[in-house]
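The values are calculated or read from the model by the stated rules, or taken from the named source; none is laboratory data. The model shown is predicted, which means the values in this text are computed figures rather than measured ones. A quick note on method: Cβ atoms are made from the backbone with ideal geometry, for glycine too, and the neighbour counts reach across all protein chains shown. For the accessible areas, the whole protein counts, side chains as well, though only heavy atoms, and no ligand, DNA or RNA atoms are used. Shrake-Rupley method; radii C 1.70, N 1.55, O 1.52, S 1.80 Å.
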Amino acid sequence: MNDYLARLTTEGINAGSAMIDELTTEQMLMLINQEDATVPAAVAAELPAIAEAVEALHRSLSGGGRMYYIGAGTSGRLGVLDASECPPTFGTDPLLIQGHIAGGDVALRVAVEGCEDDGDEGRALMDRIGITSKDAVVGISASGSAAYVIEGLRRARELGAVTICVVNNKDTKLEEVSDITIAPVVGPEVIAGSTRLKAGTAQKLVLNMLSTGTMVKLGKTYNNLMVDMKASNKKLYDRALRMIKSTTQVEHHVAEDALQRAALDCKLAIMMVKSGLEAEAAAKLLQECGGSLKRAIRVCTKVM
């Protein structure tokens with residue numbers, strides 16, 4: 001393991017930041033910013049693999065499966081963050097996309113050391129949450145060496161699930177148990193080994209793409225609007241009204257009436273206004289079109 005870790009770029013010493021503790025505050029921040037600016041290019045180099053992963057995730061979710069993130073430390077927290085944002089953004093069931101972190105939910109706030117080395121718990125997690133061949137599991141680990149994630153993906157693969165890994169080194173142990181590998185290599189961190197920095201930023205960008213790309217393909221947006229969100233607070237209620245008005249060109253009071261009749265479901269309200277159907281009929285047509293508002297509007301337009 002020592003030889004394995006020693007060769008990782010995420011464990012390397014960044015020559016450019018060797019004297020960071022002697023820089024002025026502005027110089028230090030400029031250095032960090034310059035290093036951060038290299039991350040998008042590293043992610044861009046992995047776009048073919050990210051696209052392959054999005055296609056696989058779409059097949060899993062459209063086939064009745066679920067999507068799971070598993071990770072430890074920063075990687076685990078980023079997975080939980082991305083998963084937890086999907087219900088308010090895309091109106092998904094909280095169980096559809098889940099994030100799991102080594103050490104459990106307490107590890108979201110407090111570092112629980114040693115949990116990433118517990119491969120047995122990674123395997124047990126897959127059995128506990130009921131992974132099936134319909135599902136897709138995304139393992140996240142900067143080093144690609146966290147036993148919790150490796151053994152979790154190994155067990156997921158045994159159960160027939162699609163396995164995807166997001167790492168920040170090439171040829172990692174995690175890649176060996178993954179169907180698809182996404183490896184944006186960002187090089188040594190400004191603070192050696194602190195993968196919450198560039199590596200974490202790269203992981204966040206990748207996870208954004210995985211969930212957003214999959215949700216768009218599942219019809220969770222209309223053009224670039226998050227029409228599947230629920231108007232559950234004042235800000236979202238106002239956003240929903242603006243989306244209804246911009247997509248249907250109706251007056252404010254018409255949009256508000258439709259949103260109320262749609263039980264604050266923005267997508268359904270737009271469908272009602274566009275089609276002239278009442279909530280039940282509009283919802284039925286949306287369901288028949290796999291939840292795609294654009295497809296449902298096209299079907300309705302042809303019928304009309």
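Both radii are taken from the alpha-carbon atoms of segment 139-199; with Rh as the Kirkwood radius, Rg/Rh is 1.02. Do any of Lys234/Lys284; Lys217/Lys294; Lys267/Lys294; Lys220/Lys284 go past 18 Å between their Cα atoms, and which? Too far apart for the 18 Å limit: Lys234/Lys284. Across the chain, the longest run free of exposed loop sites, meaning GluC sites (Glu not before Pro) lying outside DSSP classes H, G, I, E and B with no more than 12 other Cβ atoms within 10 Å, spans 114-250. Using a probe of 1.4 angstrom and keeping all protein chains present, the accessible surface of segment 166-297 works out to 45 square angstrom per residue. Find the centroid of the Cα atoms in segment 88-131 and in segment 155-184, then give the distance between the two in whole Å. Each part reduced to its Cα centre gives a spacing of 17 Å.
Here the gap between Ala18 and Ala44, fully extended at 0.36 nm per residue and compared with their Cα-Cα distance, gives a gain of 6.6 nm. Checking (1) 14.9; (2) 18.3; (3) 15.8 against the coordinates, the calculated mean projected area of the Cα convex hull in nm² falls under label (2). Over the chain, with a Gaussian network built from C-alpha contacts below 10 Å, which listed residue (Lys170, Lys134, Lys284) shows the highest mean-square fluctuation? Checking each option, the largest mean-square fluctuation is seen for Lys284. With Cα atoms defining each centre, segment 209-239 and segment 34-51 are spaced 25 Å apart in the structure.
Which percent of the accessible heavy-atom area of segment 146-304 goes to carbon and sulfur, probe 1.4 angstrom? On segment 146-304, the fraction of accessible area on carbon and sulfur atoms equals 52 percent. Each Lys or Arg adds one and each Asp or Glu takes one away; over the other residues whose Cβ falls under 13 Å from the Cβ of Met229, this sums to +2.
Segment 152-304 has equivalent-ellipsoid semi-axes of 42, 20, 12 Å, by the square roots of 5 times the alpha carbon gyration tensor eigenvalues, sorted largest first. Rounded to the nearest 20 debye, the dipole magnitude of the chain is 1580 debye, with +1 charges on Lys and Arg beta carbons, -1 on Asp and Glu beta carbons, and the Cα centre as origin.
Length gained on full extension, Ala111 to Lys134: 5.0 nm, using 0.36 nm per residue less the C-alpha separation.
Note on the chain: helix-only mean residue ellipticity at 222 nm, from DSSP H runs of 4+ residues weighted -39500 (n - 2.57) and normalised by residue number, equals -16000 deg cm²/dmol. Highest GNM mean-square fluctuation among Gly79, Gly104, Gly144, for the chain modelled with Cα contacts below 10 Å: Gly104.
Annotation: the antiparallel percentage among DSSP beta bridges lying fully within the chain is about 10.
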